[in-house]
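All remarks here apply to the structure that follows.
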Amino acid sequence: MLYAWVKAFHIIAMVTWFAAIFYLPRLYVYHAMADDAPGNDRFKIMERKLYNGIMNPSAVVTVALGIWLLILAPGWLGQGWMHAKLALVVVLIGYHLWCGRILRTFRDDANTRSHVWYRVFNEAPVLLLVAIVILVVVKPF
């Protein structure tokens, strides 16, 4: 019963994390296109609040609950699909941290990338989500 509750909250936190991961780079697209000071300042506030207020906490909760699930069911660590999933989670954490680096670049008015680059950058977490869900549901290994 405890496992089911932890899993449910892990999924809720993961959905929240991915919502932020999908939205923040989309804000970067629009921020890169902003050409006025009020718009630039507005995007900086939105990005900071999303990253610090939603994205970071949901990432921490997702990872913490995932670790708790592995403590409750350590046998999953012997499965190949779990190894692949955890590798993709490490990639996702790297993407998350890269988003934080970009946030600081915009904060410092030092962005040199185009909105087109951010549109492509915005697609990467979709591939990670698809792969992670398939690994967890299908368990192909």
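The values are calculated or read from the model by the stated rules, or taken from the named source; none is laboratory data. What you are looking at is a predicted structure, and each value in this text was computed from that prediction instead of being measured. Note that each Cβ is placed from the backbone with ideal geometry, even for glycine, and that neighbours are counted across all protein chains shown. What goes into the accessible areas is simple: the full protein's heavy atoms, side chains included, and nothing from ligands, DNA or RNA. Shrake-Rupley method; radii C 1.70, N 1.55, O 1.52, S 1.80 Å.
In the chain, if the dipole is taken from +1 on Lys/Arg beta carbons and -1 on Asp/Glu beta carbons about the Cα centre, which of 118, 103, 84 is farthest to the positive end?
The one lying farthest along the dipole's positive direction is 84.
With all protein chains present, how much of the accessible area of the chain (probe radius 1.4 Å) comes from carbon and sulfur, to the nearest whole percent?
After summing per-atom areas, the C and S share lands at 72 percent.
Given a Förster distance of 22 angstrom, what is the FRET efficiency for residue 69 paired with residue 1, based on the Cβ-Cβ distance and rounded to 0.05?
My answer for the efficiency is 0.95.
If the elastic network links every pair of Cα atoms under 10 Å, which of 46, 14, 82 fluctuates the most in the Gaussian network model of the chain?
With Cα springs under 10 Å in the chain, the top fluctuation among 46, 14, 82 is at 46.
Per the Kirkwood definition applied to all pairs of different Cα atoms, how many angstroms is the hydrodynamic radius of region 19-118?
Roughly 15.1 Å, rounded to one decimal.
Where does region 77-121 land on Rg(C-alpha)/(2.2 N^0.38 Å)?
So the Cα radius of gyration is 1.61 times the expected 2.2 N^0.38 Å.
Give me the angle, in degrees from 0 to 90, between the Cα long axis of helix 124-138 and the longest principal axis of the Cα atoms of the chain, rounded to the nearest 10.
Between helix and principal axis, roughly 10 degrees.
Between helix 37-50 and the chain, what is the angle of the helix's C-alpha long axis to the longest principal axis, kept within 0 to 90° and rounded to the nearest 10?
Roughly 10 degrees, rounded to the nearest 10.
Can you give the accessible area per residue of region 12-131, in Å², using a 1.4 Å probe?
Accessible surface, normalised per residue, equals 54 Å².
If we count every other residue with Cβ under 14 angstrom of residue 62's Cβ, Lys/Arg +1 and Asp/Glu -1, where does the sum land?
Surrounding charge for residue 62 is +2.
Using 7 Å Cα-to-Cβ label points, what is the residue 114/residue 60 separation (nm, one decimal)?
Result for the modelled spin labels: 3.9 nm.
Helix 2-33 versus the longest principal axis of the chain: what angle, 0 to 90°, nearest 10, using Cα atoms?
Tilt relative to the chain: about 20 degrees.
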